[in-house]
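Peer 1: Sharing a structure, written as structure tokens. Questions coming.
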Amino acid sequence: TEVPYMKNPEGIPYVIAHRGASGQLPDHSAASYATAYYDGAHFNEPDLQVTKDGVLVVMHDECMKSSTNIEDLTQFADRRTNATVSTNETYFECINDFLVNDFTWQELVESGLKLRSRYKERGEFYNSLFAPMRLEDAIDFMLDLNDRSPRENRKFKTGLYIETKSVGFYKQERNVDIAKLLYEVLEKYDLETVEKAAKKLPIFIQSFEQDSLLYFKTKTNLPTVQLMWDEQEYDLEWVTSYANGAGPKHTMLFNYDDEEYNLYKPSRLIEKCHELGMQVHPYTLQDDKLVYASNEIDEMIIWEAKGIDGVFTEFPRSTLSILKHS
Ligand code: G3P
Ligand code: CA
């Protein structure tokens, strides 16, 4: 099927807000999603985890704990909640290593679990505004924003670019099929086909794990994107059999060339994907200084950007401004 929203009608690459406008506000908070919406992002990017009672929640990791110890920030960088490891600062009564799947949704709500920013240097947001959302909350919120705040000259509805996370973990350790749960939620909202999604809320399905993409390919015609990271080989022709696009780590767009004054050269990945009919949506621009082109990789992604079809960014407003004006 042809996907009506496969390409951005604005004629620039899609700006996909990575965990919302997460460069400024806590990952996956409603505030972060609203900011991305008003910044003009084309998509917000929910990561999915599952509670004990089968509720899809929008969180990056299966484990919720984070560390207050700066030394641990690398290890726990993605796990930013007020459930901390240090006993002095444990706000959350925890059991079983703080896995989302060890708690019911109600228990999570009652625990007072809060999301906080990954970036200490960008300000420690840490209060009751930042409660976790279910996928259903995120869908309701985006439907509301799109319906109630129409803006002139806006040719699109801000959609959801949903990532199934920890697919193998849930299947093997918890006997839970995250893709199936996602399909059921989309069906409940009348969003399970591309025709329906195009009218209400554009949806992409992305994953590092092929399983859930294959599941979606057999169930629906929603567009799917295979996420890729640079330490693995991908058979692009095979990927085209179940995915409409590739989501490579940004470093995969370049080859590091020692002979040539240590410059990065384009790797031709974009061209190869395009030749096979796949879209390319690299991840992730994480530095707002990209506006001033002071981050080498970010700058190069931006210059390569004319060839890509979308980009994940934590600063949707400045990314959009570069894409519109370069
Ligand atoms: O979809 C791109 C990106 O979100 C994948 O990495 O770890 O931030 O979910 P991660
Ligand atoms: Ca993600």
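The values are calculated or read from the model by the stated rules, or taken from the named source; none is laboratory data. Computed from a predicted model, the values in this text were never measured in an experiment. Using ideal geometry, Cβ is built from the backbone for each residue, glycine included, and neighbour counts are taken over all protein chains shown. SASA here: full protein model, heavy atoms, side chains in, ligands and nucleic acids out. Shrake-Rupley method; radii C 1.70, N 1.55, O 1.52, S 1.80 Å.
Peer 1: Looking for something within 24 Å of Lys199 (Cα to Cα), assigned to a helix (DSSP H, G or I) and either touching a strand residue (DSSP E or B) at 6+ places or on another chain (Cβ under 6 Å) or not assigned by TED's automatic domain parsing to the domain that holds Phe208 (or both) - is there at least one such residue anywhere in the range 5-25?
Peer 2: So far as the range 5-25 goes, no, none of its residues is within 24 Å of Lys199 (Cα to Cα), assigned to a helix (DSSP H, G or I) and either touching a strand residue (DSSP E or B) at 6+ places or on another chain (Cβ under 6 Å) or not assigned by TED's automatic domain parsing to the domain that holds Phe208 (or both).
Peer 1: Would you point out the residue of the range 22-39, among those that are within 17 Å of Asn146 (Cα to Cα) and open to solvent by less than 10 Å² (accessible area, probe 1.4 Å), that is farthest from ligand 1 (Cβ to nearest atom)?
Peer 2: Residue satisfying both the conditions and the ranking: Tyr37.
Peer 1: Let me spell it out: the conditions are (1) under 16 Å from the mean Cα position of the chain (by Cα); (2) at pLDDT below 95; (3) surrounded by fewer than 22 Cβ atoms within 10 Å (Cβ to Cβ), and Pro132 meets all of them except one. Which number is the exception?
Peer 2: (3)
Peer 1: Across the range 30-54, what is the number of residues that are assigned to a loop (DSSP other than H, G, I, E, B) and within 13 Å of the chain's Cα centre (by Cα)?
Peer 2: The total comes to 3.
Peer 1: Just need a number here: residues in the range 160-213 that are farther than 20 Å from Val15 by Cα, among the aliphatic types (A, V, I, L, M) and under 19 Å from the mean Cα position of the chain (by Cα).
Peer 2: Matching residues across the range 160-213 total 9.
Peer 1: With the range 223-321 as the region, which strands (runs of 3 or more DSSP E) entirely inside it contain at least 1 residues that are at pLDDT 85 or above?
Peer 2: Because the criterion is at least 1 residues that are at pLDDT 85 or above, the strands (runs of 3 or more DSSP E) in the range 223-321 that meet it are 224-228, 245-248, 310-313.
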